[in-house]
Amino acid sequence: MIKSMTGFGRCEISDANRKFTIEMKSVNNRYFDVNIRMPKKLNFFETSIRNLLKKYAQRGKIDIFISYEDMTENQVALKYNENLAAEYMNYFKQMEETFELENDIRVSSLSRYPEVLTMEEQVLDEEELWNCLKKALEGAFTQFVETRITEGENLKNDISVKLDEMLSSVAYIEERSPEIVAEYRGKLEAKVKEVLESAQMEESRIAAEVVIFADKICTDEEIVRLKSHIENMRATLESGEGIGRKLDFIAQEMNREANTILSKANDLEISNKAIDLKTHIEKVREQIQNIE
């Protein structure tokens, strides 16, 4: 299944205590380049997020935006330090006996002494927080992959059409090549007769000249390799995901063969077809840059 490197995903998960909103997008890139923007409170999950994403994507420049609303942030717990309060009372009793003073300590007074009563934030449950975040991430990643697959199928169909056009150009060049040799032979014979007038040139001499010319413009090997590359690319398109680099390499080889055909062309029609061929290959290469 072909995947484009262009995609988008979004998911929102919330419960009574928290709310996560995940948005992500990607464009083509030679490598796996991930940029995550999230609250500092979630920074310790970055490695886990990257490892989870690797199950869904292999290449591309991916931007992930995470917003987090914590409804428990303002919830605190009141803590009573009984041991410290008892220690205060013991010292107060000693002071009463030592200085013969009245011990007038009340509960309301004792509670105001340092550290007897303290306010503490709720302890963060990392496992619970990760489970909620992971659920939101998986929802966004799933949608992200779906958009990539849809775009990948569109790329596949477009490349297949261009491969058919390339085969058509190759077939024309293959059919036209023998005609060029025959036309050259006719022109050569006509030129020889014009120069030598009534004199006759040996048939073997003409044949030898024609063979040399035919060898110069022969593109049989290039055509065979080009056809092979086209079929290889078509098969690769059906082979699965993670094929972008391989397709790019095949396209480079196709372009090399097309350049050779163009350099050997000694005919305007073949030159035009070779240029069309290079144009189609370049369009295919542009599309391949977006395939994962």
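Nothing in this text is a laboratory measurement; each read-out follows from the coordinates by a stated rule. Here the structure is a predicted model, which means the values were calculated and not measured. Ideal geometry is used to build each Cβ from the backbone, glycine not excepted, and the neighbour counts take in all protein chains shown.
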- Message: Under the rule of at least 5 residues apart or a separate chain, name every residue whose amide H is placed under 5 Å from the amide H of F8.
- Response: T147, R148
- Leaving out same-chain residues fewer than 8 places away, which lysines sit with a Cα under 24 Å from that of K283? K3, K61, K156, K162, K227, K246, K264, K273
- Note on the structure: Output ordering of 135-141, 240-246 (per-residue mean of other Cβ within 10 Å, highest first) is 135-141, 240-246
- Query: So, by mean Cβ neighbours within 10 angstrom, what's the order for 108-120, 44-56 with the highest one leading?
  - Reply: 44-56, 108-120
- Item | Three principal axis lengths of the range 76-121 [C-alpha, angstrom, descending] | 42, 17, 11
- Two pseudo-spin positions, 7 Å from Cα along C-beta at E46 and at K79, lie apart in nanometres by 3.0
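For the range 10-115, would you read off the P(r) tail past 21 Å as a percentage of all alpha carbon pairs?
Here the tail beyond 21 Å accounts for 60 percent of pairs.
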